[in-house]
Amino acid sequence: MNGKRMGMATIRLERPPRVRAWAAVGGKKEKDGPLGAEFDQVFSDTMCGEKTWEKAEVHLQKVAVGMAANKCKLPVSALDMILAGDLLGQCVASSYAARGTQVPYLGLYGACSTMAESLAIGACMVDGGFAQRVCAVASSHFCTAERQYRFPLAYGGQRTPTAQWTATAAGACILTPAADDCAPVRITHVCFGKVCDLGITDANNMGAAMAPAAYDTLRTLLSDTGTQPKDYDGIFTGDLGQVGSRLLCELFSLDHIDISTVHDDCGKLLFDSKQDVHAGGSGCGCAASVLCAHLLPRLADGRMKRIILAATGALISPTSVQQGESIPAVCHAVVLESGGKR
Amino acid sequence: MDVTPQEYEQMVREQSKPSPLLRDMVWAFAVGGAICTLGQAILDFWKKTGLNEKDAASATSITLIGLAALLTGLHLYEKIAKHAGAGTLVPITGFSNSVASPALEFKSEGLILGTAAKMFTIAGPVLVYGIGASIVYGVILVFLGV
Amino acid sequence: MQYINAFVVGGIICALSQILIDKTKLTPARILTAYVVLGVILTAIGIYKPLVDFAGAGATVPLLGFGYTLAEGVKTAVAESGLLGAFTGGAKAAAGGISAAVFFGLLTALLFRPADKS
């Protein structure tokens, strides 16, 4: 095994890549949520002035990438690579957003784990010297996801208490090499997760389906790096929601590890429980926007020193749900540290 | 520690909040009852205009379906349905909502392949099995009658 | 009195299906399909007609009533024209409702814009 891998599955980045700049955009419900003021831009119109919701999601992603690049004082065309993902079939929101940028593009699908997946791959690319300026971005849109996975919006269905609310949001990060002193955050470790499936079939209880994946990846990362939950200022899972978060803490408590004091969840942070989102937020844009609106600024100014972002994804399609398959899930983790010149 | 799918299922059941059954049932009863009462009033109205029993029943269905489609278009039906659950799902108005909502939503894929083709994605099975069952019933009647 | 019967019977039918929604993993489409087929069966074995006489719209407005309409239509048509009636009776009796759903659904799509849920 070469020097960059440690333990079972963790990758130690020898020259920790930096997160130079980031941007988060969201919709109206996200604006009304607890993190509303921390977004770079919010759209009160869910169509974002476009003709369809799919176009609106493309717009969200374009704006996030453009703003993040702009904060580095770079045109988007100066990027070496865009790593992007979303929830739409064939990952089209990302592809359409990358169309016209003239930047090499990789479309990723990790469901709601996509932001951690793109950050982790981007960090490896930069550490390996394969790219200097990588954009990692993910988006989701409530309306596009809902009509793809569930029912038309105007259909009078009832949501169960365990259901989660897909965020209308996008987050984009620009990664640069370790030598970039201006960049305030660095990525020290990444851990790509295995696909876990404990047999949950209820597509309205994604948090429960994804908690075992989060547990598996986090346990691997902690043991590979020889760290404890208390060594981090926060362990942020992506989109487990209320139900999945409780299950994750319970799974760890079976190992006599208490993560509840440092654990929080992007799906719980993005919305207030009064916003009628049931078990919390979800979607690629949830972890992406919470990272870019809430977590990265805190790492940048030193309010937090070291965190884990462990974004989880439920790897289902409408067809697999109809065929009664259980829900496989994956979780990718990224260790982020405050660092760089103040 | 590794948990088995059976142990995990148990954990999930304990942690997942169940739907508030009693509250949901009260809502379903009240709204469903109200829609049926409205239906009765509409039925009496059509009878008063001189329609016979059967035609008045058809006219009542058509009226309720039209009203529900209008409420769907105004995005009010889903707001009531969020609380009413089965109260808005089970009456014929729910059938109308299940036809009008995909018709409206899939307009973005065009009036042929979107609106028209997707119109019966939810309500289609109701017609298929409803009409199917009625034909089976009819065939049985024919053979019993012979 | 007819109004109270309609309210109570219609309400009970809806409240019972709420139990199915909350306590089982049945999707709405499955519940509706089951209700229509059940309506046909209950009418066929003679249980539903008395309920319609008692509750009026309380029994005809829920989707069970759609099954009742189909079954009654078939029964009448079979009496008139035999086997042909088995095929024409149901759809003929339900024609108003089905055509209205198609027409008003189309009209809704043409007149309104899709909007977000909040």
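The values are calculated or read from the model by the stated rules, or taken from the named source; none is laboratory data. Bear in mind that the values here come from a model prediction, so they are computed numbers and not experimental data. Glycine gets a Cβ as well: all are built from the backbone with ideal geometry, and neighbour counts include every protein chain shown. Accessible surface is based on the protein model in full, side chains and every heavy atom, while ligands, DNA and RNA are left aside. Shrake-Rupley method; radii C 1.70, N 1.55, O 1.52, S 1.80 Å.
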Self-check item: Single unsatisfied condition, A:THR220 versus (1) away from every other protein chain (no Cβ under 14 Å); (2) open to solvent by 10 Å² or more (accessible area, probe 1.4 Å); (3) modelled with pLDDT of 95 or more
Solution: (1)
Exercise. For segment B:35-57, enumerate the residues that are more than 7 Å from every other protein chain (Cβ to nearest Cβ) and part of a helix (DSSP H, G or I).
Key: B:LEU38, B:ALA41, B:ILE42, B:ASP44, B:PHE45, B:TRP46, B:LYS47, B:LYS48, B:GLU53, B:LYS54, B:ASP55, B:ALA56
Quiz item: Quick one: is A:LEU291 under 19 Å from the mean Cα position of the chain (by Cα) and under 25 Å from A:PRO34 (Cβ atoms)?
Solution: yes
Practice problem: Starting from segment B:121-146, take each residue that is of a type in the set (D, E, K, R) and list its partners that are part of a helix (DSSP H, G or I), counting only C-beta distances under 6 angstrom and pairs at least six apart or across chains. | Solution: none
Exercise. Can you confirm whether segment A:158-171 contains a residue that is without any contact (Cβ under 8 Å) to a residue 12 or more places away in the chain and out of contact with any Pro (no Cβ under 6 Å at 6 or more places or on another chain)?
Key: yes
Quiz prompt | Lone unmet requirement of (1) closer than 23 Å to A:VAL321 by Cα; (2) more than 7 Å from every other protein chain (Cβ to nearest Cβ); (3) surrounded by 20 or more Cβ atoms within 10 Å (Cβ to Cβ) for C:VAL52 | solution = (1)
Quiz item: Can you name the condition, by its number, that B:ILE135 falls short on among (1) outside any loop (DSSP other than H, G, I, E, B); (2) at the interface with chain A (Cβ under 8 Å from one of its Cβ atoms)?
Solution: (2)
Exercise. May I ask you to list the residues in segment B:13-42 that are charged (D, E, K, R) and open to solvent by 20 Å² or more (accessible area, probe 1.4 Å)?
Key: B:ARG13, B:GLU14, B:LYS17, B:ARG23
Quiz item: Would segment A:117-136 turn up any residue that is assigned to a helix (DSSP H, G or I), over 13 Å from the mean Cα position of the chain (by Cα) and basic (Lys, Arg)?
Solution: no
Quiz item: Between a first residue in segment A:191-205 that is on the phi > 0 side of the Ramachandran plot and within 7 Å of chain B (Cβ to nearest Cβ) and a second residue that is outside any loop (DSSP other than H, G, I, E, B) and open to solvent by less than 30 Å² (accessible area, probe 1.4 Å), which pairs have beta carbons less than 8 Å apart while being 6 or more apart in sequence or on different chains?
Solution: A:GLY199/B:TYR8
Quiz item: Do any helices (runs of 4 or more DSSP H) lying entirely in segment C:28-89 carry at least 1 residues that are over 23 Å from B:ALA86 (Cα atoms) and among the polar types (S, T, N, Q), and which ones are they?
Solution: C:63-81
Practice problem: Could you list all residues from segment A:1-32 that are buried (at least 24 other Cβ atoms within 10 Å of the Cβ) and either among the aromatic types (Phe, Trp, Tyr) or more than 30 Å from A:PRO177 (Cα to Cα) (or both)? | Solution: A:TRP22, A:GLY27, A:LYS29, A:GLU30
Quiz item: Is it the case that some residue within segment A:165-176 is assigned to a loop (DSSP other than H, G, I, E, B), crowded, with 18+ Cβ neighbours inside 10 Å and under 19 Å from the mean Cα position of the chain (by Cα)?
Solution: yes
Quiz prompt | Residue that is in contact with an Asp or Glu (Cβ under 6 Å, 6 or more places away or on another chain) and outside the structural domain of A:CYS292 (by TED's automatic domain parsing), where the choices are A:CYS91, A:CYS112, A:CYS124 | solution = A:CYS112
Quiz item: Among the helices (runs of 4 or more DSSP H) contained in segment A:182-278, which hold 3 or more residues that are over 25 Å from A:LEU296 (Cβ atoms)?
Solution: A:206-225, A:241-254
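Conditions tested, residue by residue: (1) over 21 Å from B:GLY145 (Cα atoms); (2) facing chain B (nearest Cβ under 8 Å).
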{"position": "C:LEU32", "(1), (2)": "yes, yes"}
{"position": "C:ALA44", "(1), (2)": "no, yes"}
{"position": "C:ILE47", "(1), (2)": "no, no"}
{"position": "C:GLY58", "(1), (2)": "yes, yes"}
{"position": "C:GLU80", "(1), (2)": "no, no"}
{"position": "C:GLY85", "(1), (2)": "no, yes"}
{"position": "C:ALA91", "(1), (2)": "yes, yes"}
